[in-house]
Amino acid sequence: MGNFFSLPRFSLRAIAVWRRNFLVWRKLAIPSVLGNLADPMIYLFGLGYGLGGMLPTNSAAFGGVSYIVFLASGTVCASTMNAASFEALYSAFSRMHVQKTWDAILNAPLALDDVLAGEWLWAATKATLSGLAILVVISALGFVASPLALWVIPVIFLTGLTFAALGLIVTALAPNFDFFMYYFTLLMTPMVLLSGVFFPIEQLPAAFQSVACALPLAHAVRVVRPLLLGEWPANPIPHLAVLLVTALIAYWVALVLTRRRLLK
Amino acid sequence: MEPGISSAALLVSELHKSYAGREVLAGVSFGLARGECYGLLGPNGAGKTTILRCCLGLIEPNAGDIQLVGEPVPGRAREARMKVGVVPQFDNLDPDFTVAENLRVFGRYFGLSDAETRRRIPGLLDFAGLAGKENARLPTLSGGMKRRLTLARALVNDPELLLLDEPTTGLDPQARHLIWERLKQLLQQGKTILLTTHFMDEAERLCDRLAILDEGRIVAQGAPRELIASHIEPQVIEVYGEDAPGWAQAEAQPWVRRSEVSGETVFCYVDNAQVIPLLAQLAGLPRLRTLHRPANLEDVFLKLTGRELRD
């Protein structure tokens, strides 16, 4: 325990927490996956065919592909972000605050660092499953260019870690479920609109383009989109580094705040 | 008898804890010998739960030493918790799981293989009076069943020491008696129990020794009978009626050692020899009803911690 600010300690004990959450998910896996698919698919088809029908095909702005193919790669990233955020906010808060599952675990020989690490990995796992489900569907529809797309899987796991860690910060601060609305309306929604999910960032005024540089989702899109279009991203390392550094710092902040909340 | 370090299941010395300048624990010391049942009694806010959280290493005291099942806490709290079972004050079973899944998942937290936990489950459920309920879903269980499942869960690692935070609060008498009977069985098996409660009958029945806490201090410590003998007159005569407070003020003095008035009830604390004369005196006052009983732990508790509400 000691200092609230000490660096995260990782141990294999976190796996027991991950497995607990996995067991709950497994009981509801099919409705859960379908639920996670429905919303992004409605957007993908609605905007992809509806709006896309009015747009020039093979426009250079969309990288020379149809709008729905352009949108599909953005949808994989946005959906991964949403799944990680929902799990780290609503589900983790429920386990921490409502069901007191974490209290029960802390009476066993696990430390809070183990519990939070397990929750973090689990939320990233669930986000990966959600992104993967969309990947499977868009591959079946022929929106994916080549097996290069398999490289997307580690990228969405990293994206999941980033947004799960950010979500856990909000959970550590939340007095109740209503608090999460602020996070979604003030941060998540602008993030989706500014990160190149629906249209290229280059369409935005210069000021907004520089804001986009600071948004983790924009960096995820920069790596995932070329991979799904069948090319290596031009310069992936800085984008992956932003995701990784954000994930690690955010996780540490979440851990400090959670220790302060629960270990007193 | 104070247990020595080698034989102690738990040793707490000079524990201090403050929150924002308010002292919650002001130098608490006690120890549990192996195989003993020890109670922490106190009004709400006396510091009972804070002591348990310190003992488990979940919060760090400002000062003081703790040895839990031979391990220093918080330094080796995790290792200590391997050998401890906890029944928390508020139910935190996993509502998404069946009875057996609750035990299996909890066993994993102690590093038990699923096969090992599966071997232990029938015995645990038998003990908790939940045999055949392996696949029952949590929302279908009654409050008493959930409490017993929480006890079974606390035993999944076969602990040396059990920490029970108000284990029977909110249960009906049948359910409470069943829990008491099971706790006695555990003591017979050689387990050590630390229990917090504000049910005096529970403490009197179960505890070999207990401590009465008030405002973060232990105000009395010992076996229940010793505490009654040393802190309070042996006999109590309760006098009820509209005129009782007036009678206590005007006439009772020569007949009683000590009296306390609460609403329309007067509690007269008397020596054995005073009982018959006092009852004879009261027999001449038909407007007052009386009840004669031996002094109990609740009398000690109220004498030491006062009758005011603690909210």
Quiz item: So which residues in region A:96-111 are more than 9 Å from chain B (Cβ to nearest Cβ) and surrounded by 22 or more Cβ atoms within 10 Å (Cβ to Cβ), if there are any at all?
Solution: A:Met96
Practice problem: Would you confirm whether any residue within region A:166-183 is touching a residue at least 60 places away in the same chain (Cβ under 8 Å), acidic (Asp, Glu) and either closer than 15 Å to A:Ala83 by Cβ or surrounded by fewer than 20 Cβ atoms within 10 Å (Cβ to Cβ) (or both)? | Solution: no
Self-check item: Candidates B:Gly143, B:Gly123, filtered to the one that is more than 9 Å from chain A (Cβ to nearest Cβ), closer than 18 Å to A:Gln99 by Cα and surrounded by fewer than 18 Cβ atoms within 10 Å (Cβ to Cβ)
Solution: B:Gly143
Quiz item: Has region A:136-148 got at least one residue that is open to solvent by less than 30 Å² (accessible area, probe 1.4 Å) and either within 18 Å of the chain's Cα centre (by Cα) or within 14 Å of chain B (Cβ to nearest Cβ) (or both)?
Solution: no
Quiz prompt | Residue in region B:59-66 that is under 26 Å from A:Gln99 (Cβ atoms) and open to solvent by less than 40 Å² (accessible area, probe 1.4 Å) present | solution = yes
Quiz item: Which of the following residues is surrounded by 14 or more Cβ atoms within 10 Å (Cβ to Cβ) and more than 27 Å from B:Glu202 (Cβ to Cβ): B:Ala248, B:Ala273?
Solution: B:Ala248
Quiz item: How many residues are over 26 Å from A:Ala145 (Cβ atoms) and away from every other protein chain (no Cβ under 14 Å) if we restrict to region A:61-91?
Solution: 6
Practice problem: Look at region B:85-98 and say how many of its residues are more than 8 Å from chain A (Cβ to nearest Cβ) and either more than 24 Å from the chain's Cα centre (by Cα) or open to solvent by less than 10 Å² (accessible area, probe 1.4 Å) (or both). | Solution: 3
Exercise. Only residues that are free of Cβ contacts under 8 Å to residues at least 24 places away in the same chain, more than 30 Å from A:Gln203 (Cβ to Cβ) and assigned to a loop (DSSP other than H, G, I, E, B): list them for region A:8-60, please.
Key: A:Leu12, A:Leu28
Quiz item: Which residue pairs have Cβ atoms under 8 Å apart, sit 6 or more places apart or on different chains, and have a first residue in region B:115-137 that is in the same structural domain as B:Arg153 (by TED's automatic domain parsing) and among the aromatic types (Phe, Trp, Tyr) and a second that is assigned to a helix (DSSP H, G or I) and crowded, with 16+ Cβ neighbours inside 10 Å?
Solution: B:Phe127/B:Ala152; B:Phe127/B:Arg182
Quiz item: Limited to region B:15-36, what total is found for residues that are touching a Leu at 6+ places or on another chain (Cβ under 9 Å) and open to solvent by 50 Å² or more (accessible area, probe 1.4 Å)?
Solution: 2
Quiz item: Do you know which residues across region A:193-240 are of a type in the set (Val, Ile, Thr) and surrounded by fewer than 20 Cβ atoms within 10 Å (Cβ to Cβ)?
Solution: A:Ile201, A:Val211, A:Ile237
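Give A:Leu158, A:Leu229, A:Leu148, A:Leu240 a once-over and let me know the one that is in contact with a His (Cβ under 8 Å, 6 or more places away or on another chain) and touching a residue at least 60 places away in the same chain (Cβ under 8 Å).
Testing whether each residue is in contact with a His (Cβ under 8 Å, 6 or more places away or on another chain) and touching a residue at least 60 places away in the same chain (Cβ under 8 Å) leaves just A:Leu240.
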Practice problem: Can you work out which of the residues in region A:1-60 that are charged (D, E, K, R) and within 14 Å of chain B (Cβ to nearest Cβ) is least open to solvent (accessible area, probe 1.4 Å)? | Solution: A:Arg20
Exercise. Quickly run through region B:54-84 and pick out the residues that are at the interface with chain A (Cβ under 9 Å from one of its Cβ atoms), assigned to a helix (DSSP H, G or I) and not acidic (Asp, Glu).
Key: B:Ala77, B:Arg78, B:Ala80, B:Arg81
Practice problem: Take B:Gly241 and decide whether it is open to solvent by 50 Å² or more (accessible area, probe 1.4 Å) and either at positive phi or modelled with pLDDT of 90 or more (or both). | Solution: no
Exercise. Among the residues of region B:99-120, write down those that are more than 8 Å from chain A (Cβ to nearest Cβ) and over 13 Å from A:Ala16 (Cβ atoms).
Key: B:Val99, B:Ala100, B:Asn102, B:Leu103, B:Ala115, B:Glu116, B:Arg118, B:Arg119, B:Arg120
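The values are calculated or read from the model by the stated rules, or taken from the named source; none is laboratory data. Keep in mind the model is a prediction, meaning the values are calculated, not measured. Ideal geometry is used to build each Cβ from the backbone, glycine not excepted, and the neighbour counts take in all protein chains shown. Side chains are part of the model used for accessible areas, which takes the heavy atoms of the whole protein and leaves out ligands, DNA and RNA. Shrake-Rupley method; radii C 1.70, N 1.55, O 1.52, S 1.80 Å.
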